[in-house]
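Visitor: Have a look at this one before I ask anything.
The values are calculated or read from the model by the stated rules, or taken from the named source; none is laboratory data. These numbers come from a predicted model, not from an experiment. All Cβ positions, even for glycine, are placed from backbone atoms using ideal geometry, and neighbour counts span all protein chains on display. Ligands, DNA and RNA are excluded from the accessible area calculation, which covers all protein heavy atoms including side chains. Shrake-Rupley method; radii C 1.70, N 1.55, O 1.52, S 1.80 Å.
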Amino acid sequence: MAAEAPPRPPAAPPEDRRNHVLRIFIPWLILSVIADLIIWFVWKPHLPPGTMSSSAEDQQFTIAVMAVMAAPVMIFVLIYFGYALLVWRQKPDDDTDGPAIHGNTRIQATWITVTSAIVLGLFVFGTVELVATNGAGAGQGASPIWKPGGTPLQVQVIGQQWKFTYRWPSYGGVETATLELPSNRMIEFHVTSLDVIHSFWAYQLGVKADANPGFDNVAYVTTKGPLTFDIHCAELCGVWHGYMFEKGRVVRPNQFSAWITQQRAQNVPATKSLPPYSKQYFPDPQRRGG
Ligand SMILES: [Cu+2]
């Protein structure tokens, strides 16, 4: 009696001859170029905080560069995801296992190289941008690492519940209720507080620095042309926190000179009764509120 014929091995699935790499790569390339062009030429010009100071312009530029680098990564993930769902999905009634795959050196090496290059590139880029703009408009603390050359105009910003006032050490220590700055000038803000923690946020200037009592927080910015900008407190500081907003102005240098001269003359009696200019103040009794 002849032995029963052994069962035939299942037929091998037909070899997939489609070039998946190319079918993913080409749409990715086209969509990435389109997305990056839209980001750079359509989106970037409208991106807050605008371009009306050195820091604002740098922030806009940096965010756009990061978006240009991030968009192709996101598009790749979405295309790969969609492609896998459509092309590699299991057919109905197909209970066979997929091929056993044990690693893929080329893909792993490419992945590690590309992601490392992106992360390290952004690290270097971000550091250079931060150093080159003397802190990019953020508070650097009492002894800034990145100081600009020349002699910036010093302006002390004093947060208090619920108003910012401004003191001018190079103009007799006068304290003003509003902020005007000369155009095309490096400004050195000294941000402090008399009571609780506030945050000085000059939106269109791209400046944001915490105002802490008893602490001198330095932030640099270079103004450009004339501008009206928004000033907000960006740190919840009590019931009237939302009331701490006002307009500041960047004006031509001769207008600024006229304004500060007028402020000095008008505030002579108040300036006499103020404590001398200091990098920080400790009012007595210690003010607390909220
Ligand atoms: Cu506040």
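Visitor: Restricting attention to segment 32-59, which residues are of a type in the set (S, T, N, Q) and in contact with a Pro (Cβ under 7 Å, 6 or more places away or on another chain)?
Guide: Going through segment 32-59, the residues of a type in the set (S, T, N, Q) turn out to be 32, 51, 53-55, 59.
Matches in segment 32-59: SER32, GLN59.
Visitor: With respect to TYR171, determine if the residue is within 16 Å of the ligand (Cβ to nearest atom) and either open to solvent by 50 Å² or more (accessible area, probe 1.4 Å) or in contact with a Gly (Cβ under 9 Å, 6 or more places away or on another chain) (or both).
Guide: On the way: within 16 Å of the ligand (Cβ to nearest atom): no; either open to solvent by 50 Å² or more (accessible area, probe 1.4 Å) or in contact with a Gly (Cβ under 9 Å, 6 or more places away or on another chain) (or both): yes.
Considered against the rule, which asks whether it is within 16 Å of the ligand (Cβ to nearest atom) and either open to solvent by 50 Å² or more (accessible area, probe 1.4 Å) or in contact with a Gly (Cβ under 9 Å, 6 or more places away or on another chain) (or both), TYR171 comes out as no.
Visitor: Does segment 49-97 hold any residues that are outside any helix (DSSP H, G or I) and in contact (Cβ under 8 Å) with a residue 40 or more places away in the chain, and which are they?
Guide: Here is the first cut: in segment 49-97, the residues outside any helix (DSSP H, G or I) are 49-53, 88-97.
Across segment 49-97, the qualifying residues are PRO49, GLY50, THR51, MET52, SER53, THR96.
Visitor: Yes or no: segment 111-134 includes at least one residue that is farther than 27 Å from ILE39 by Cα and either under 32 Å from the mean Cα position of the chain (by Cα) or surrounded by 12 or more Cβ atoms within 10 Å (Cβ to Cβ) (or both).
Guide: Residues of segment 111-134 farther than 27 Å from ILE39 by Cα: none.
No, segment 111-134 contains no residue that is farther than 27 Å from ILE39 by Cα and either under 32 Å from the mean Cα position of the chain (by Cα) or surrounded by 12 or more Cβ atoms within 10 Å (Cβ to Cβ) (or both).
Visitor: With the requirement that a residue be near the ligand (Cβ under 9 Å from one of its atoms), open to solvent by 30 Å² or more (accessible area, probe 1.4 Å) and touching a residue at least 12 places away in the same chain (Cβ under 8 Å), what does segment 233-242 give you?
Guide: Those that are near the ligand (Cβ under 9 Å from one of its atoms), open to solvent by 30 Å² or more (accessible area, probe 1.4 Å) and touching a residue at least 12 places away in the same chain (Cβ under 8 Å): ALA234, GLU235, TRP240, HIS241.
Visitor: Can you tell me which residue among PRO182, PRO226 is farther than 14 Å from GLY137 by Cα, touching a Lys or Arg at 6+ places or on another chain (Cβ under 8 Å) and open to solvent by 60 Å² or more (accessible area, probe 1.4 Å)? Give the steps one after another, and end with the answer.
Guide: Working: PRO182 fails: open to solvent by 60 Å² or more (accessible area, probe 1.4 Å).
Criteria check complete, one pass: PRO226.
Visitor: Somewhere in segment 158-168, is a residue open to solvent by 20 Å² or more (accessible area, probe 1.4 Å) and more than 17 Å from GLU235 (Cα to Cα)?
Guide: no
Visitor: Something else about it: Can you spot a residue in segment 279-287 that is touching a residue at least 24 places away in the same chain (Cβ under 8 Å), within 16 Å of the ligand (Cβ to nearest atom), touching a His at 6+ places or on another chain (Cβ under 8 Å) and farther than 23 Å from HIS46 by Cβ?
Guide: no
Visitor: Contact list please: Cβ distance under 9 Å, first residue in segment 247-261 and under 24 Å from LYS163 (Cα atoms) and small (Gly, Ala, Ser), second residue open to solvent by 60 Å² or more (accessible area, probe 1.4 Å) and in a strand (DSSP E or B), pairs at least six apart or on different chains.
Guide: What qualifies is GLY248/THR228.
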